[in-house]
1. Across the range B:97-118, which residue is nearest to residue A:50 (Cα to Cα) among those that are within 9 Å of another protein chain (Cβ to nearest Cβ) and surrounded by fewer than 16 Cβ atoms within 10 Å (Cβ to Cβ)?
2. Where residues in the range B:270-296 are loosely packed, with under 15 Cβ neighbours inside 10 Å and outside any helix (DSSP H, G or I), which of them is nearest to the other protein chains (Cβ to nearest Cβ)?
3. Return yes or no: is residue B:28 away from chain A (no Cβ under 14 Å) and closer than 18 Å to residue B:265 by Cα?
4. Restricting attention to the range A:4-27, and to residues there that are in a loop (DSSP other than H, G, I, E, B) and touching a strand residue (DSSP E or B) at 6+ places or on another chain (Cβ under 9 Å), which single residue is farthest from residue A:97 (Cα to Cα)?
5. Can you name every residue in the range B:237-255 that is crowded, with 19+ Cβ neighbours inside 10 Å and under 20 Å from residue B:221 (Cα atoms)?
6. Go through the range B:250-273 and report how many residues are under 20 Å from the mean Cα position of the chain (by Cα) and under 22 Å from residue B:20 (Cα atoms).
7. For residues in the range A:31-49 being within 14 Å of chain B (Cβ to nearest Cβ), in contact with a strand residue (DSSP E or B) (Cβ under 6 Å, 6 or more places away or on another chain) and in a loop (DSSP other than H, G, I, E, B), which is surrounded by the fewest Cβ atoms within 10 Å (Cβ to Cβ)?
8. Write out, first by first residue and then by second, each pair whose Cβ atoms fall under 6 Å of each other, whose residues are 6+ apart or on separate chains, and whose first residue, in the range A:59-73, is touching a residue at least 60 places away in the same chain (Cβ under 8 Å) while the second is outside any loop (DSSP other than H, G, I, E, B) and crowded, with 19+ Cβ neighbours inside 10 Å.
């Protein structure tokens, strides 16, 4: 399940909690498009803002409505004990894989990060995707640390942050990492703007925010990369540049994707868990203009 | 309660959870020394690693054993809904004040930070200390943002990060902030190495990690500052430089203070919640040497 397009949907909220109806309508878009896997309760899915009970419920709903597509959920939390409880819940919910960030409050030492993955890996029975997102978790991984973690049981994939915009540097980045990892470990790129480069550089999978709302657009790019049609990959990724620009302007993708989902009528305007807020009306209009120009709305 | 020495104790754990006996022995040192207030479940008290139930229990224990000293607890969490639940729990436990960090996962915009404080301030009935600790929360405050927040109901104090090591710059830092705040707002310094400078620069209170384990040492420095004996403040803070050096060497104070508590027989060796780990045996020996040289052990 750690290849192709892994689509990361929002988990929309409304005034009373998780907006299950909206969540299911987002899921339906992904199952209809037949994405390769679902990355539920990722950063885009706001796992870090929900209670254990809410995460259990969303995991269960996702498995029930995945139409056979494998579901991965994040079990991230600051505390190892809580991560182990979340892993148990996710396993009971019937997910196929666990997404595991090293969320920090006190900045973790390298030994603490390794010890954390070792303890969790030893205590679960599902494949783990190591989730490296320093912008949110404030944990950094060296290639050596990746390699030590990849040698643990149950480690199946590594989700790396965006690769360089320069294709030569992107290729070097991925091949240097590949050289240090066991052959069976999948490497996945995130940071949608660099997904094209990441896939062309040899990443196995795109862990995609864009794919969580616009699965056909993300699938087209992914399939072009899988077919080796690099001209098409470059063309499609460049065409989406106005979307990537919005992501950069708003401190990441989540507020833009939340606005886009609302503009499509797929979630309420205020669909992010507070303290996160919807973009201003003016910025929402800019998102709508970009969506129209890219034929995403 | 927002003046003098506010002592921030560890919340030690053991293999089965919160180590209540050790926590109470730490509290007893602080009540015997008669610190001015207790900052329970601060960053040093590992609030970010505990469940709601655990935090409720620790808050209740603290109030029961505070010997009349006012207790402040952190109600920090990434989600506003969870913060409101924690505020309710803390109020039921009988605490005197709430410590409120803006913990981020997705980096918060200034409007989100302000909106967060506004929503919480509106929904509580106790004084709030605004907690600014960018090293753990990754939220930054401008003086303008402080001023907007300070104008909200229930805001009583602001806990600022360390002030500059240069005394002239420290004084400028504090007076510039003071000029923008209502007169009744207390300013508290944290970052133990700069506490002397902060107090001499006019901060009302020292939110102190060192004071959570070595209350008499921290009280002596605080009382010297309150008496205007700045030569004694400088002398005492410089004397403690080997301790501040250890804090810097180990990415902050928490692992050093946890080791010191264990070396004093006040907590188990592994008293931090995982994934945090005890210092190595070699580093523990260095902590012991420093404690002995400073007559702290």
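1. Filtering first and then ranking leaves B:107.
2. To start, the set of residues in the range B:270-296 that are loosely packed, with under 15 Cβ neighbours inside 10 Å comprises B:280-282, B:285, B:289, B:292-293, B:295.
Keeping just the survivors that are outside any helix (DSSP H, G or I) gives B:280, B:295.
Working: B:280: 9, B:295: 28 Å.
Only one residue fits best here, namely B:280.
3. Numbers: away from chain A (no Cβ under 14 Å): yes; closer than 18 Å to residue B:265 by Cα: yes.
Yes, satisfied.
4. Taking the range A:4-27 first, the residues in a loop (DSSP other than H, G, I, E, B) are A:8-12, A:15-16, A:19.
Subset that is touching a strand residue (DSSP E or B) at 6+ places or on another chain (Cβ under 9 Å): A:8-9, A:11-12, A:19.
On the way: A:8: 14, A:9: 16, A:11: 18, A:12: 22, A:19: 24 Å.
Out of the qualifying residues, it is A:19.
5. Those that are crowded, with 19+ Cβ neighbours inside 10 Å and under 20 Å from residue B:221 (Cα atoms): B:237, B:240, B:243, B:244, B:246, B:247, B:253.
6. Narrowing the range B:250-273 to residues under 20 Å from the mean Cα position of the chain (by Cα): B:250-262, B:266-267, B:271-273.
This time we only want the ones that are under 22 Å from residue B:20 (Cα atoms), so: B:253-262, B:266-267, B:271-273.
Final tally of qualifying residues: 15.
7. Kept after step one, since they are within 14 Å of chain B (Cβ to nearest Cβ), are these residues of the range A:31-49: A:41-49.
If we keep only those that are in contact with a strand residue (DSSP E or B) (Cβ under 6 Å, 6 or more places away or on another chain) as well, we get A:41-42, A:47.
Still in the running and in a loop (DSSP other than H, G, I, E, B): A:41-42.
On the way: A:41: 29, A:42: 31.
Result: A:41.
8. Filtered contacts from the range A:59-73: A:70/A:37; A:72/A:39; A:72/A:97; A:72/A:99.
The values are calculated or read from the model by the stated rules, or taken from the named source; none is laboratory data. Keep in mind that what you see is a predicted model, and the values were worked out from it rather than measured. Every residue, glycine among them, receives a Cβ derived from its backbone with ideal geometry; neighbour counts consider all protein chains shown.
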